[in-house]
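For reference, the structure is listed below as structure tokens.
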Amino acid sequence: MIYVVFLILIVIILIVILSIKIVPQQRVGVVERLGKFNRLLTPGVNILVPFIDNVRVYHDLRIQQANVPPQTVITKDNVQVQIDTIIFYQIVAPDQATYGISDYVYGVRNITTATLRQIIGNMELDETLSGRERISSNIRLALDEATEKWGVRIERVEVLDIKPPTDIQEAMDKQMKAERSKRAVVLEAEAAKQDVILRSEGDKQSKILKAEGEKEARIRQAEGLRQAQELEALGQAKAILAIAEAEKARIELLRSAGLDENVLAYRSFEALSEIAKGPANKVFLPVSVVDTLGSIGAIGEVFKAKKTD
């Protein structure tokens, strides 16, 4: 009896274990009931009917990647290149990913390979080496069209590497080196040209600034000379005016004292007479002074008459 109870407990525990399914986050399970699709198990605790419900497969809903083996394809100009690609995809319909295709990863790789051969066959080598974006876009369009029924969404297609043959790679390396050397020579010549231009421009600006400075200096010098001449002329004019005023004042004083030109001439003649009285003094007068002396004599008489009065 005890063994029967123990066996029943074991069966009950097994049923409970088989009935409860815990699904992690970002994963779903496809449940079949009696071999037919029933429902999806969502993240968390799920209850199944023991021995009737069966979880066929679990799918990861995170974005996944599938590496496509390197493919050797021929370009339009008959050059063999090796291309390495990688596909990023995500399952959006787990039931279709389960029943729509037996192996969606294998199908994605095959479609990528076929599409890659078709695309590269219509492109030349140079276009292939520089057309990674074009290749990736065309592969993604082809995959989107095919995987729509598989419950798979293609997120991104990346061309990792494009390897041309060794001889072509060596020729490309030589061409690249020659192009870089040519570019270096061009840049060096351009730098030398710019240096000459800048130096010429600097000399030009220096000469212009020097000429401007000399011009400004001459202008300032001329301005200073002009001002000095104006001040000197003004000083001379003031000096002449002062002399004229002084002479005018002297003449006015002489006139106010009753001395005119005739009196002054007579006084001068008397002074000469006194000088000539000395035994050792001799006074020489020019002939042209004789008439003047006659006039002075007459003036003297008039002057004496005035004194007598």
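Each of LYS207 and ILE168 was given a label point 7 Å from its Cα along the Cα-to-Cβ line. The distance between the two points is 5.8 nm. For the peptides 79-89, 29-39, residues were scored by their other Cβ atoms within 10 Å and the scores averaged per peptide; the highest-first order is 79-89, 29-39.
Just the number, please: carbon plus sulfur as a percent of the accessible area of the stretch 166-245, 1.4 Å probe, no ligands or DNA/RNA counted.
Numbers: 4290 of 7230 Å².
The nonpolar share, carbon plus sulfur, comes to 59 percent.
Please report, as a whole percent, how much of the solvent-accessible surface of the stretch 83-135 comes from carbon and sulfur atoms (probe radius 1.4 Å). Walk me through the numbers before you get to the answer.
Working: 1140 of 2580 Å².
Accessible surface attributable to carbon and sulfur in the stretch 83-135 totals 44 percent.
For the stretch 207-250 versus the stretch 19-52, the spacing of their alpha-carbon centroids is 115 Å.
For the peptides 224-235, 91-102, the ranking by packing is 91-102, 224-235, with the highest mean count of neighbouring Cβ atoms within 10 Å listed first.
Rolling a 1.4 angstrom probe over the protein heavy atoms, how many square angstrom per residue are accessible across the stretch 204-247?
On a per-residue basis, 89 Å².
Bridging of LYS76 to aspartates and glutamates at a Cα separation below 20 Å is possible for ASP84, GLU124, ASP126, GLU127, GLU133, ASP161, ASP167, once same-chain residues fewer than 8 apart are set aside.
Taking the average, over residues, of other Cβ atoms within 10 Å as the packing measure, peptides 60-73, 120-133, 4-17, 149-162 rank 149-162, 120-133, 60-73, 4-17 from highest down. The aspartates and glutamates within cross-link reach of LYS21, meaning a Cα-to-Cα straight distance under 19 Å and a gap of 8 or more places when in the same chain, are GLU32, ASP53, ASP60, ASP95.
The values are calculated or read from the model by the stated rules, or taken from the named source; none is laboratory data. Keep in mind the model is a prediction, meaning the values are calculated, not measured. Positions of Cβ are generated from backbone atoms using ideal geometry, with glycine treated the same way; all protein chains shown enter the neighbour counts. The protein model used for the area step is the full one, side chains on, heavy atoms only, and it has no ligands, DNA or RNA in it. Shrake-Rupley method; radii C 1.70, N 1.55, O 1.52, S 1.80 Å.
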